[in-house]
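The values are calculated or read from the model by the stated rules, or taken from the named source; none is laboratory data. None of the values given here were measured: they were computed from a predicted structure. Here the Cβ is made from the backbone with ideal geometry for all residues, glycine too, and neighbour counts use every protein chain on show.
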Ligand SMILES: Cc1cc2nc3c(=O)[nH]c(=O)nc-3n(C[C@H](O)[C@H](O)[C@H](O)COP(=O)(O)OP(=O)(O)OC[C@H]3O[C@@H](n4cnc5c(N)ncnc54)[C@H](O)[C@@H]3O)c2cc1C
């Protein structure tokens, strides 16, 4: 076992830290306040080549591993959770292309995604299909030139700003989850439009949009991995995506912890800093411990993924633990800041609202426990 | 067109409070402190790269310093310079601004033809602002210091110099040397691709076996400057608080402005 970072990783992280601290973090309040897509941040990430970390060199990427991606995403999320989620949602588009796409699909769609000139999105969720991912109603019908898609997707991250969408649709409703297929859909395709922009508890600047597919033609070549592969593709993509979601939660928890710790060392009540009260110290100790445990879970999951070993259990455990940690840490951070923590002048109330999302997306906490239970009960 | 950029590795400003001065030889203790490219030199690099993008120039970056100054050169490579050379030798250690500018000018002569040399206006550790001008003097070329804007046309460089109370627009012929201020540009971040590429480049080392400079012109022996004492200056003089009612205060302020001739630039 080796916990050392490589020289290359250290160099990359030094650069990402500098950019996160100097450019991204200082704008995070404003980004949330305005609720506008942080295009400048995304262009900055693109100019640093960060969108190409896991993509092979021949598709204009850097050909590095998921652990490096996770280390980078952690820093971005710490500075601005919204930017971290946009970055993470992009991975949900590149992952299925890389792992299930044809050579032609890879060489067409990966280079712009690697360079960050195109953004990606992944769309499964529908009004009737949330946790029950197999219940997708969006239909795909075969015709002479390819497929015709019809249906609605909701809550889709990077909706409208993204150029390339992975759409999960049903080729055969009778077969349920086994009838699902994954398609690549380009923005601007006839019949493909955007509906509602959902208003949220937090992460106001993150685009979450309804996709409307009305007799939307998709060429045969844009079917990923063959018919009936959709459910498998979705499940594997979500499994990898859970590392990203966990990392996003971890970043928020780290940011909240830092604010709470620093504040506790400054705030004086009863003639002493509040960090001198054992009640506060114990909260800080628990925060730090849970954060470190989350981090180890997620790094391990990424490391297993890089080694080509089964990583799903750790990804679920890491996502579950990190998201519940983020919720707990941010709530306690508000507590440590007292009345000030409840005010909009400090970012901790925002962190708390942001953290909640992570217990819901990419499989709720309940669904994660179900996955973990399923896996451990199969073990002997 | 060929541009030479001179950079210096310095202790990180944010960590400057931790910098210690060696009481024995009055030099700065550098161990255990994060080093960065002197911020003004990053502006020099950026300006060179912008000229390169507009005029198809090649950019060579040189730095004199201890072996770890290689990190600064590697950063310059990752920003996009074409070539980086480390000038380092134990016998260069202890060089003052005269000896340093002499060594750098000799290294530049070895590079061959050049059109423009760019340096930062000063280094944040020594703050002398002498090495840039010193290089120009040793090479016998014109120089412009404190440049905040440039334009290059027909073998001439037109520059705006930021002086204490006013700006000066000057034109000189190339080859020349300029030193630049922070206002001139916003230095770029390297891309990861360039960062990873730069990591693999072997940076040539020019030592004194290569440069072959006389011992009495380099290092401590070649340095006419003697630092007698380095110390933190006392607090600046307290401001004066003007008392009285509004009219008295206003009269007193007007009197002070006249006495000190503070509005001379408006006359
Ligand atoms: C901000 C945001 C961004 C999103 N981005 C995307 C995206 O980019 N792409 C995409 O496809 N989707 C996206 N989603 C959708 C998200 O993945 C779903 O909301 C999530 O999977 C939960 O589904 P649901 O909302 O339908 O909740 P439901 O499935 O209706 O769940 C409601 C409750 O029931 C519980 N529950 C459901 N089934 C079970 C069970 N079997 N056992 C125990 N408890 C159960 C859940 O845990 C939950 O507490 C996003 C959602 C949000 C809020």
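Conditions tested, residue by residue: (1) under 24 Å from residue B:188 (Cβ atoms); (2) in a loop (DSSP other than H, G, I, E, B); (3) over 18 Å from the mean Cα position of the chain (by Cα).
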residue: B:84; (1), (2), (3): yes, no, no
residue: B:126; (1), (2), (3): no, yes, no
residue: B:132; (1), (2), (3): yes, no, no
residue: B:136; (1), (2), (3): no, no, no
residue: B:157; (1), (2), (3): yes, no, yes
residue: B:170; (1), (2), (3): no, no, yes
query = Of all the residues that make up the range A:342-365, how many are without any contact (Cβ under 8 Å) to a residue 12 or more places away in the chain and either away from the ligand (no atom under 11 Å from the Cβ) or closer than 24 Å to residue A:275 by Cα (or both)?
reply = 4
key: So residue A:301, is it at pLDDT 95 or above, away from the ligand (no atom under 16 Å from the Cβ) and touching a helix residue (DSSP H, G or I) at 6+ places or on another chain (Cβ under 6 Å)   = yes
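Out of A:287, A:327, I need the residue that is touching a helix residue (DSSP H, G or I) at 6+ places or on another chain (Cβ under 6 Å), at pLDDT 95 or above and within 16 Å of the ligand (Cβ to nearest atom). Which one? Step through it out loud before you land on a result.
Numbers: A:287 fails: within 16 Å of the ligand (Cβ to nearest atom).
When all the criteria are applied, what remains is A:327.
Report yes if residue A:162 is crowded, with 23+ Cβ neighbours inside 10 Å, more than 14 Å from the ligand (Cβ to nearest atom) and not assigned by TED's automatic domain parsing to the domain that holds residue A:237, otherwise no. Quick ask: steps written out before the conclusion?
Working: crowded, with 23+ Cβ neighbours inside 10 Å: yes; more than 14 Å from the ligand (Cβ to nearest atom): no; not assigned by TED's automatic domain parsing to the domain that holds residue A:237: yes.
Answer is no for this residue.
Could you look through the range A:57-82, keep only residues that are in a loop (DSSP other than H, G, I, E, B) and within 13 Å of chain B (Cβ to nearest Cβ), and pick out the one that is farthest from residue A:8 (Cα to Cα)? Talk me through it step by step, then tell me what you get.
Step one: filter the range A:57-82 for residues in a loop (DSSP other than H, G, I, E, B), giving A:60-65, A:80.
Keeping just the survivors that are within 13 Å of chain B (Cβ to nearest Cβ) gives A:60-64.
On the way: A:60: 18, A:61: 15, A:62: 12, A:63: 12, A:64: 10 Å.
Per the criteria, the residue is A:60.
To keep it simple, each residue is scored yes or no on (1) surrounded by fewer than 19 Cβ atoms within 10 Å (Cβ to Cβ); (2) not assigned by TED's automatic domain parsing to the domain that holds residue B:38.
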| residue | (1), (2) |
| --- | --- |
| B:180 | no, no |
| B:183 | yes, no |
| B:192 | no, no |
| B:200 | yes, no |
| B:203 | yes, no |
| B:210 | yes, no |
| B:222 | no, yes |
| B:226 | yes, yes |
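For residue B:179, state whether it is part of a strand (DSSP E or B) and either within 14 Å of another protein chain (Cβ to nearest Cβ) or in contact (Cβ under 8 Å) with a residue 60 or more places away in the chain (or both). Give the steps one after another, and end with the answer.
Numbers: part of a strand (DSSP E or B): yes; either within 14 Å of another protein chain (Cβ to nearest Cβ) or in contact (Cβ under 8 Å) with a residue 60 or more places away in the chain (or both): yes.
For residue B:179, the condition - part of a strand (DSSP E or B) and either within 14 Å of another protein chain (Cβ to nearest Cβ) or in contact (Cβ under 8 Å) with a residue 60 or more places away in the chain (or both) - is met.
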ask   = Tell me, which residue of the range A:115-157 that is buried (at least 20 other Cβ atoms within 10 Å of the Cβ), away from the ligand (no atom under 12 Å from the Cβ) and more than 30 Å from residue A:49 (Cα to Cα) is nearest to the chain's Cα centre (by Cα)?
value = A:151
inquiry  = Based on this model, can you work out whether residue A:37 counts as surrounded by 13 or more Cβ atoms within 10 Å (Cβ to Cβ), more than 14 Å from chain B (Cβ to nearest Cβ) and not in a helix (DSSP H, G or I)?
reply    = yes
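Among residues belonging to the range A:177-207 that are touching a strand residue (DSSP E or B) at 6+ places or on another chain (Cβ under 8 Å) and over 28 Å from residue A:106 (Cβ atoms), point out the one that is farthest from the ligand (Cβ to nearest atom).
In this case the residue turns out to be A:195.
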ask   = Filter the range A:300-320 for residues that are touching a residue at least 60 places away in the same chain (Cβ under 8 Å) and more than 15 Å from the chain's Cα centre (by Cα); which is surrounded by the most Cβ atoms within 10 Å (Cβ to Cβ)?
value = A:305
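If you check residue A:53 against the conditions, is it farther than 20 Å from residue A:311 by Cβ, within 14 Å of chain B (Cβ to nearest Cβ) and away from the ligand (no atom under 16 Å from the Cβ)? Don't jump to the end; show me each part of the working.
Details: farther than 20 Å from residue A:311 by Cβ: no; within 14 Å of chain B (Cβ to nearest Cβ): yes; away from the ligand (no atom under 16 Å from the Cβ): yes.
Considered against the rule, which asks whether it is farther than 20 Å from residue A:311 by Cβ, within 14 Å of chain B (Cβ to nearest Cβ) and away from the ligand (no atom under 16 Å from the Cβ), residue A:53 comes out as no.
Which of the following residues is more than 20 Å from residue A:18 (Cα to Cα) and in the same structural domain as residue A:14 (by TED's automatic domain parsing): A:147, A:59? Walk me through how you get there before you give the answer.
On the way: A:147 fails: in the same structural domain as residue A:14 (by TED's automatic domain parsing).
After applying the criteria, what remains is A:59.
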